[in-house]
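The values are calculated or read from the model by the stated rules, or taken from the named source; none is laboratory data. Note that the structure is a prediction, hence the values are computed from the model and not measured. Here Cβ is always computed from backbone atoms with ideal geometry, including for glycine, and neighbour counts include all displayed protein chains. Calculation scope for accessible area: heavy atoms of the full protein, side chains included, ligands and nucleic acids excluded. Shrake-Rupley method; radii C 1.70, N 1.55, O 1.52, S 1.80 Å.
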Amino acid sequence: MLVFALRLVRPYWPRLVIVVTAMLIGTAMSLASPWPLKIVLDSVFDARPMPSALAWALGPNTSRMALLNVAAGATVVIALVQALASYVSAYFTVSVGQWIAHDLRQSVYGHLQRLSLSYHDRQQTGPLISTITDDINAVQDFASTAVLDIVIDSLTVVGMLAVMFTLNWRFTLVALAVTPLLGVFAYRLRAVIRQATRDVRRRQSEIVSIVQEGLGAIRVVKAFAQGAFERQRLEAKSRESVDAALYARRVRSLLGPVVTSLVAVGTAAVLWFGARQVVAGTMTAGSLVVFLTYLGRLFGPVQSLARTSTNVAQAAIGLERVRAVLDADARLPRAAQPHRLEHVDGRVEFEHVTFGYDPGRPVLHDVSFAAAPGEMIGVVGPSGSGKSTVAALIARFYDPGEGSVRVDGWDVRQVTIRSLRGHIAFVLQETQLFHAPVWQNIAYGKPDATRDEIVAAAELAQAHDFIEALPDGYDTIVGQGGVPLSGGQRQRLGIARAMIREAPILIMDEPTSGLDAESERLVFEGLARLSEGRTTFVIAHHLATVRDADCILVLDAGRIVERGTHDELAARGGLYADLLATQTRTEPAEVRVLTRGGSAGDQNQRRVRPQ
Ligand code: ATP
């Protein structure tokens, strides 16, 4: 953990040099600050000889009033230099803290983006959000404030002890007699505080999870009128978090009173011995005051060092959680020298592919097929039969357990993921929009697209007219918190996004489910144009949608049980024919067929009776 922390700090060493210099100056000033008082007490009031360094600097015959002036002036100078040093060290430590937090956020989020989907399938989003915000903030707070305090306090303690030993080592030993007790106590408490802090952080991230889930699924919550249940869920977790935080606080709070009591014992002992020596005339009152001032200033930092153990624990737990994310190694294996796909014709082949999300439980068994460039392949089958999984393997969201997936003859494991996915476009059941202008949402498929390309894609996707009618046209902010769009409008933006990508391979996963007839008509028109000339996989619930496909794969429980054209399969009397018969009974009289070629119009808007 220390090595990790040092690695984080390393790029900022010039700032740290400034910080440490300023701190050293500040500490020196703090050490010097009681001396003017001692000089006034001993050499101005009592006419004792001034300290030899001062006598050397000012000359032995300096008058008492001149000495008073020097003492008063020195008080101001010491305070000013100390203030400046404290300003410089405070600013630069905060800046180091902020930049460390920035670096951590970048690397954690970057790492999360690189991790494969199988990691994200298993991971709740809440704790990850909480790591990027709260855990990193704890590290930043620590680096910005606690580190400063700890360094200043430690320097002060060491400096004070050195001076005190020089002044009067016996008194110093008397005063320090209590510190071993303090050390043992603080050490024992440390482990308890750490565990309690870990508990608090876990519960806080559970709260983020609940809020994130509840607000993310607010429509479902409302639809099922489960607002009260969600509130209770949060309340229960929030109570647990309060309990954990209070327990942690109780444990930590023990430290303050114990330190204060031990300090009082040490101070009383010095006062008792010192006063007797002053009365006996073996020590001046000024020396005792200086010693007691040092003692007071020694225990202050000791107390605050004990208090900062909390920040240390929080930062350590924060770093521990950040490390856990950074150490997660769920990236897809990289080929030694991956090939960059430049031009892709669009041939897609599965060779004996067996795959399971959990290695022991395959959801696809020995799947083989080949799609020639430009072909339309329908993928149908009962729910859960593995249709979406086939699509996920083409884009290498996961690697097959056995067999291989090939694009233009290249095993997808041998090509760079970026170049592979750069040649694939998706239109999914629901299009996710980002909180950004419409044009940017479309350009997500091709970030360097020009305005003309964006408009052209929107026109082909039947989206241009409705976009123009939005309050700010292409600049209208959509997505969460933006102008709401209907399901059909979102899908057409999804088609425009896929269109602009100009990818030779297109995957459509039930892109028209849940749309009304008119939206469906417009979306189909967009899809028909989009799929032209591309190898297109259409995962469809309505069998009739893919009746014009060059080949239909019928999946059942992860196996391809039939394949062929619609007419062949309908005539065969197998699963496809069964599904067709069921749909004929339960579906509307006419179903739209996805047919490619030609412009908008009757050709790709054919409606047929399901059978
Ligand atoms: P539907 O028509 O309902 O969308 P599908 O035919 O597309 O279903 P898949 O989504 O491919 O089916 O799912 C196939 C099997 O894999 C199912 O048993 C499902 O529970 C499982 N599965 C799907 N996604 C995951 C995942 N991310 N992690 C674990 N199991 C999954």
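Counting Lys and Arg as +1 and Asp and Glu as -1 over every other residue whose Cβ lies under 14 Å from the Cβ of Phe355, the net charge comes to -1.
Computed from point charges on the beta carbon alone (+1 for Lys and Arg, -1 for Asp and Glu), the dipole magnitude for the chain about its Cα centre is near 3100 Debye. Each other residue within a Cβ distance under 15 Å of Arg572 adds +1 if Lys or Arg and -1 if Asp or Glu, for a net charge of -3. Would you work out which of Pro49, Leu420, Val17 lies farthest towards the positive end of the dipole of the chain, given +1 charges on the beta-carbon of Lys and Arg and -1 on that of Asp and Glu, about the Cα centre? Result: Pro49, furthest along the dipole toward the positive end.
Surface calculation, 1.4 Å probe, protein heavy atoms: Trp410 sits at approximately 100 Å² accessible.
Residues whose amide H lies under 5 Å from that of Tyr357, counting only those 5 or more places away or on a different chain, are Val363; hydrogens are built 1.01 Å from N in the peptide plane. For the chain, the relative contact order works out to 12 percent when only alpha carbon pairs closer than 8 Å and six or more residues apart are counted. To the nearest 10 square angstrom, how much accessible area does Tyr474 have with a 1.4 angstrom probe? Roll a 1.4 Å probe over it and Tyr474 shows about 10 Å².
Of the residues Ala244, Ala101, Trp35, the one whose Cα sits farthest toward the positive end of the charge dipole of the chain, with +1 on the Cβ of Lys and Arg and -1 on the Cβ of Asp and Glu, is Trp35.
Accessible surface of Ile442, taken over heavy atoms with a 1.4 Å probe and every protein chain present, rounds to 0 Å². Each peptide in 311-321, 270-280 gets a packing score, the mean of other Cβ atoms within 10 Å over its residues, and the list from highest to lowest is 311-321, 270-280. Residues Thr93, Thr179, Thr75, sorted by accessible area with the largest first, give Thr75, Thr179, Thr93 [1.4 Å probe; ligands and nucleic acids excluded]. Val208 sits among other residues whose Cβ lies under 12 Å from its own Cβ, and their net charge, with Lys and Arg +1 and Asp and Glu -1, is 0.
Rounded to the nearest 10 degrees, the angle from helix 487-501 to the longest Cα principal axis of the chain is 90 degrees. Report note on the peptides 100-106, 59-65: ranked by the mean count of other C-beta atoms within 10 Å, highest first, their order is 100-106, 59-65.
The mean sequence separation of alpha-carbon pairs under 8 Å and at least six residues apart, normalised by the residue count of segment 1-148, gives a relative contact order of 33 percent.
Helices in the chain, meaning DSSP H runs of at least 4 residues, each add -39500 (n - 2.57). Divided by all residues, the mean residue ellipticity at 222 nm is -19500 deg cm²/dmol. Per-residue accessible area (protein heavy atoms, 1.4 Å probe) orders Phe4, Phe185 as Phe185, Phe4, starting from the largest.
Counted over the chain, the DSSP beta bridges are approximately 55% antiparallel. Rounded to the nearest 20 debye, the dipole magnitude of segment 2-326 is 520 debye, with +1 charges on Lys and Arg beta carbons, -1 on Asp and Glu beta carbons, and the Cα centre as origin. Comparing Leu460, Gly482, Ala313 along the charge dipole axis of the chain, the residue lying farthest to the positive side is Ala313, per the Cβ-charge model.
Residue order by solvent-accessible surface for His464, His435 is His435, His464, largest first, with ligands and nucleic acids left out and a 1.4 Å probe. Here the peptides 186-196, 124-134 are ranked by packing, the mean other Cβ count within 10 Å, and the order with the highest first is 124-134, 186-196. The angle separating the long axis of helix 64-114 from the principal Cα axis of greatest extent in the chain is about 20 degrees. Share of Cα-Cα pairs in the chain beyond 38 Å, in percent? Within the chain, distances greater than 38 Å cover 54 percent of Cα pairs. Straight-line reach from Lys446: taking Cα to Cα under 28 Å and skipping same-chain neighbours fewer than 8 places apart, the lysines in range are Lys387.
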